1. Order TRP40, TRP58, most accessible first, counting only protein heavy atoms with a 1.4 angstrom probe.
2. HN-Hα J couplings of segment 76-91 from phi, Karplus 6.51/-1.76/1.60, θ = phi - 60°, integer Hz, Gly and Pro as x?
3. Provide the net charge surrounding ILE15, with neighbours chosen by a C-beta distance below 14 Å and charges set as Lys +1, Arg +1, Asp -1, Glu -1.
Amino acid sequence: MQSRLARHPLVLAGIFGIYFALGQLGLAVGGFAGDRMAVWPAGGFAIAALVIFGRRAWPAIFACGFFSLAIPTHRIVLPAVVATGYTLEALLGALLVDRFARSEKAFQSAAT
C-alpha cells in the first residue's frame, strides 16, 4: 500500500506543500546566510513522510528542497546540490527508522 501512495499525485503534492511551508518557515526563522541555514524543520517532516508513504516519494522531497532554495536565491546549482543532500538525508533517515525502529509502528506508542 505504501508504494501505491508514494506515487499518487495528491500525496506528492501534499508532501511538496507541507515541505515547502516548513522550508519557508526555516528560512524565515533561521535566516539564509549564503549557503548556510541555522534551522531546517522540513528535514524531520521529510523523514516522517518517507517512513509513512514509502521511500518512493523521494522526488517530492528533492523538488521541494530545490524550489525552497531556488526561489529566494535565484540560483540553480547550489539549490540542486543542497536538495540532493536533503533527499539523501531523508532517505537515510527513513531507511534507519525502517531498519531499527520497526518502521511506522515505532510511532504508535511512546513506550519502547
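1. On the way: TRP40 45, TRP58 110 Å².
So, going from the largest accessible area down, we get TRP58, TRP40.
2. 10, 5, 4, x, 5, 5, 5, 4, 4, x, 4, 5, 5, 4, 5, 5
3. Working: positive: ARG7, ARG55, ARG56; negative: none.
Summing Lys/Arg as +1 and Asp/Glu as -1 gives +3.
The values are calculated or read from the model by the stated rules, or taken from the named source; none is laboratory data. What you are looking at is a predicted structure, and each value in this text was computed from that prediction instead of being measured. Counting neighbours? That spans all protein chains shown, and the Cβs are built from the backbone with ideal geometry, glycine included. Side chains are part of the model used for accessible areas, which takes the heavy atoms of the whole protein and leaves out ligands, DNA and RNA. Shrake-Rupley method; radii C 1.70, N 1.55, O 1.52, S 1.80 Å.
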